[in-house]
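Input: a single structure, listed below in C-alpha cells.
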Amino acid sequence: MTAAPIQAREPGHAPMPSPAREHRGYPGLNALRALGALMVLTTHTGFDTGRILHGWFGAVITRMDFGVAIFFVLSGFLLGRPFLLRGALGQPAPRLRSYFWKRALRILPLYWVVILATIVFQPGNDYVTPAMWARNFTLTQLYHPDLLPQGLTQMWSLATEAAFYVVLPFLCMVLIGRRGRGRSQLRPARVYVILGIISALGVAWQAHVAPIPGVHGHYAQWLPGYLPWFAVGLALATASVTEQLGRESAATRFCERLASDPLGCWLAAALVYGICCTPLIGPRTLVAQTSWEGGLKCVLYAVSSGLLVLPLVFGHMQEHPIRRWCNRPLPFFLGEISYGIFCIHLLVLNAVLRLPQFGIFGGHFAAVWVITATVTIGLATLSYYGIERPFLRLKSVGLGSDRRGGTRDTLAETGTTAASEATSRS
C-alpha cells in the first residue's frame, strides 16, 4: 500500500512544528565533526608511525578512517534536508546556482590554499605534472590512475563529497517525485525504498572494486561506493522532516525510540565499530580488500555512523548530559575548525616526521600525535578566521542569493556555518 504524501498546512506557510518539541537546530553535530576530523588525523598518524601494526590499540586507530563515514552521514542529513523539506511543503527546491555557490565557498578557498602550500613546502612531489596538479585543483584527481600527491592523499574524500554535491539536487528530485502545483509528493516509504536500492547498489559497487589495486584506478574511492553512507543521512533527514511536519510514521517512532537512550545508541555504535577492528573487514595496511571485506566494511560503517548521529537529531535531548557536553565550548569550537584540521593535518604530520628524532614508520606515536594535533589546531584556527569565515560571508550575495519564495529550513541552517554545513574530511 502506498503511503500518503506528507502534507503542509498551506503552500508558503511555515512548516508545522512537531508537537513533541521545538526544533532549534543541531549544534551538537559540531562535536561529531570534531570527532571525525580528529579520527582522521589519528589514523594517519598511526599509519605513518607504524603504530597500526601493534596490538589492539593499533587495530582501533587503523579503523579511524571511520571519521569519513561520520562526515558523509552529516552531509547527507544537513544538505539533503532543505531539499526534502521544501518538497514536503510543495515549494520549489533551492536554486541550484545558490546551492553550488555556497558549496564552492565552503570548500574551495582553503582547499586551494592548501594545494599551493603543498606545492611549495611538501618534498617528494617532483613527479607531479601540471596536468596532475590541475586535476587536484578541480577535484577530479580520482578519475585518473595517478598517485595522489604527498600531503594531499586525504583529499580523495573531498573529491567524493564534491561529486555528492553535484548529484544531490537531482537525487532529491528522484526521491521527492513529481508533484502538482503547491502539493507535496514526499512519500517517506518511497524515499526509504529508493535509498535502500541505492545503498544495495553502492555496497555491490564497493564489493566489486575493492580487490582492484589502487595503481589501476581509484574506483574504491568513487562516489557509488559511499552512497550507502550518504543515504543514511538522507534517511535521517526524511524522518526528521516527517516528524517536524507532525506526521508520525514507523520510521519516526523507531528513531525516537532509539534516540531516547543516547548512551545505549552510542554503545551500540561502539560495538559495531569494535567488530570493524577485527580482521573481518580486511588488513590494517594498504593491501587491497577482498570483495567480502569491502562490502562488509561499507555496511558496518554505515550502521555505526548512523547510530552515532541519530541521538543528536532525534529525541528529547535538550537537557540530556550528552547534548550539554556536545555543546560545550571546546567540542563546539573544534567542530568549527574541523575542515581546517582535515585539510592541513597531513602537511603538518609530514613536517613532524621529517624531524631528526622521528621519521616515517619510526614509532613515537604519542609524541608525533600531540605535536601534529597541536600545530594543526593552531593553523586551522588561523585558517578559519582568516580564510573560511571571510569567504562564507559572501554566501548570501550575488550567486548565493535565493530570492525565490518558500520556507527556510531552520533546522539545517540554524547555528553557525560549520554546525549547519557538513564539509569534508579524509
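Overview of results
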item: Residues PHE83, PHE47, PHE71 arranged by fewest to most Cβ contacts within 10 Å; result: PHE47, PHE83, PHE71
item: Rg over Rh, two decimals, region 265-333 (C-alpha only, Kirkwood Rh); result: 1.13
item: Chymotrypsin sites (Phe, Trp or Tyr not before Pro) lying in DSSP loop within region 96-145, provided at most 12 other Cβ fall within 10 Å; result: TYR127
item: Sorted by Cβ density within 10 Å, fewest first, the residues VAL113, VAL40; result: VAL113, VAL40
item: Segments 289-296, 267-274, 220-227, 356-363 sorted - mean Cβ within 10 Å per residue, highest first; result: 220-227, 289-296, 267-274, 356-363
item: 3J(HN,Hα) from dihedral phi, region 39-47, Karplus parametrisation 6.51/-1.76/1.60, rounded to Hz, x for glycine, proline; result: 5, 5, 4, 5, 5, 5, 5, x, 5
item: Distance from region 239-273 to region 25-104 (C-alpha centre basis), Å; result: 19
item: Hz values of 3J(HN,Hα) by residue in region 119-136 - Karplus curve (6.51, -1.76, 1.60), Gly and Pro given as x; result: 4, 7, 10, 8, x, x, 10, 5, 6, 6, 7, x, 5, 5, 4, 4, 5, 5
item: Neighbour-count ranking [beta-carbon atoms within 10 angstrom, fewest first] of CYS265, CYS343; result: CYS265, CYS343
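Since every read-out is calculated from the coordinates, none of them should be taken as a lab result. Just so we're clear, the structure is a prediction, and the values are computed from it rather than from any experiment. No Cβ is skipped: glycine too gets one built from the backbone with ideal geometry, and neighbour counts run over all protein chains shown.
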